[in-house]
Amino acid sequence: MKEYIYADNAATTKLDKDAFEAMKPYLLEEYGNVSQPYSFSRNGKRALKDARETIARCINAEPEEIFFTSGGTESDNWALKGVAFKNKFIGNIVTSEIEHHAILNTCKILNDVGMTIKYLAVTKNGQVEVKELKENLDSKTKLVTIMLANNEVGSIQPIKELAEAAHKRDVLFHTDAVQAVGHMKIDVKDLKVDMLSASAHKFNGPKGIGFFYKKKKVQIAPYMNGGAQEKGLRAGTENIAFIVAMAYALKKNCEELEQNEKHLFHLERVLEHGLRENNIVYQRNGAEVHIPGNVSLSFPGYEGEVLLHRLDLMGISVSTGSACDSVNTQISHVLQAMKLDEASARGTIRISFGKNNTVEDVKKIVLALTKLFN
Ligand code: PLP
């Protein structure tokens, strides 16, 4: 296989080898259905319980507040539709202009069936302001959903303050923490969120598995109707193998959080220093407080799409501003909301480093960009 420098870790990450080893027995040997009472399923049942406890510990939740889902998209859908069903599709939802399409397209559907959606504007750094939220809350608001960290520019939102503002009006608060879990310290009690979405493939776990945190006292409608799994709220036979791997990967990332953060911020500095040293004109997008390794760069006068393909030919994977959405080649809604001028928005790429990237990788990326611009 061709030697690749993979620098698109905000899109997905490499499965951790030990997490893969941890899940194998549950595919090949301990494959019993954990809903069955016989002893053949005993180890699977224990693994499910352990994984729930491990994940709960990583975000300072209670094990009974963790529900397994198929990933970030499902968890986001659950939060919004769960609240909507519970309120018979009456009322308002407040969100931001920079959410992932898992939120935005769910909002569109809920709007079609009668709910009102309010979209909060963001600053030029891609952050939601608390005063903006306060001005948009009213007696009809049932839910506020604001992402913890943006996937395109990495900006971290003032979630605790936003959640407090929602609670003052007795409104539930959900956060899409898909880009944040496993990459920064998460304490759901301190953040004061009622619900949170996470996805394993963003923190070196497998694709197609994630979790949903729901505070015990929060009552929303079930997402999947069927069997009694996940307290009857998310029916379907549990994917024990992937759940085990997810818990393993999250625990490992949380234990290595500080060293990963240090490493990734160092890679960012090496990249920017290299660009400056080679007189490459660029603008960095996003807030000072951001997810480690997420670097959105604009090169006005160039097309991000073209840069992506040229880098690809040189064996480097990055994404454009409109990442996770390769069929949609319009200017990214996030960069538009941040009021980036059109030339900068069109010339934007996102380089997202992961813990497996090295300084050598970054130097090769700088060299490749230097070749492209000279
Ligand atoms: N939310 C955000 C912020 C994301 O970045 C993504 C994935 O790109 C998702 C939701 C969807 O997650 P999943 O791929 O697990 O469905």
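Please verify whether the range 1-8 includes one or more residues that are assigned to a helix (DSSP H, G or I), in contact with a helix residue (DSSP H, G or I) (Cβ under 9 Å, 6 or more places away or on another chain) and touching a residue at least 40 places away in the same chain (Cβ under 8 Å).
Taking the range 1-8 and keeping what is assigned to a helix (DSSP H, G or I), we get none.
Checking the range 1-8: not a single residue is assigned to a helix (DSSP H, G or I), in contact with a helix residue (DSSP H, G or I) (Cβ under 9 Å, 6 or more places away or on another chain) and touching a residue at least 40 places away in the same chain (Cβ under 8 Å).
Do we have any residue at all in the range 43-51 that's crowded, with 19+ Cβ neighbours inside 10 Å and not in a helix (DSSP H, G or I)? No, that holds for no residue. Of everything in the range 81-108 that is more than 12 Å from the ligand (Cβ to nearest atom) and in a helix (DSSP H, G or I), the residue that is surrounded by the fewest Cβ atoms within 10 Å (Cβ to Cβ) is K108. Regarding E74, is this residue assigned to a loop (DSSP other than H, G, I, E, B) and crowded, with 20+ Cβ neighbours inside 10 Å? Judged against the criteria, E74 is not a match.
Condition check ((1) touching a Phe, Trp or Tyr at 6+ places or on another chain (Cβ under 9 Å); (2) within 16 Å of the ligand (Cβ to nearest atom); (3) more than 21 Å from N151 (Cβ to Cβ); (4) of a type outside the set (S, T, Y)) across all residues:
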| residue | (1), (2), (3), (4) |
| --- | --- |
| F299 | yes, no, no, yes |
| E305 | no, no, no, yes |
| L311 | no, no, no, yes |
| A345 | no, no, no, yes |
| I351 | no, yes, no, yes |
| V366 | no, no, yes, yes |
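So how many residues does the range 204-214 have that are away from the ligand (no atom under 11 Å from the Cβ) and either closer than 20 Å to I156 by Cα or of a type outside the set (D, E, K, R) (or both)? Steps first, please.
Filtering the range 204-214 for residues away from the ligand (no atom under 11 Å from the Cβ) gives 204, 212-214.
When the remaining residues are screened for being either closer than 20 Å to I156 by Cα or of a type outside the set (D, E, K, R) (or both), the result is 204, 212-213.
Selection size over the range 204-214: 3.
With within 21 Å of R350 (Cβ to Cβ) and of a type in the set (A, V, I, L, M, F, W, C) as the only criterion, which of A163, A121, A79, A177 stands out? None of the other options fit; the residue is A177. Identification of strands (runs of 3 or more DSSP E) wholly contained in the range 109-201 with 1 or more residues that are in contact with a helix residue (DSSP H, G or I) (Cβ under 8 Å, 6 or more places away or on another chain) and within 12 Å of the ligand (Cβ to nearest atom) yields 141-145, 172-176, 195-199.
Would you say N60 is touching a residue at least 24 places away in the same chain (Cβ under 8 Å), within 26 Å of the chain's Cα centre (by Cα), more than 16 Å from the ligand (Cβ to nearest atom) and assigned to a loop (DSSP other than H, G, I, E, B)? Criteria met by N60. Pairs are defined by a Cβ separation below 8 Å, a sequence spacing of at least 6 or placement on different chains, a first member in the range 243-270 that is touching a residue at least 24 places away in the same chain (Cβ under 8 Å), and a second member that is acidic (D, E) and not in a helix (DSSP H, G or I); the pairs so defined are A245/D16; Y248/D16; A249/D16; K252/D16.
Every number in this text was worked out from the coordinates using simple rules, so none of it is lab data. Values in this document were obtained by computation on a predicted structure and should not be read as measured data. Positions of Cβ are backbone-derived with ideal geometry, glycine not excepted, and every protein chain shown enters the neighbour counts.
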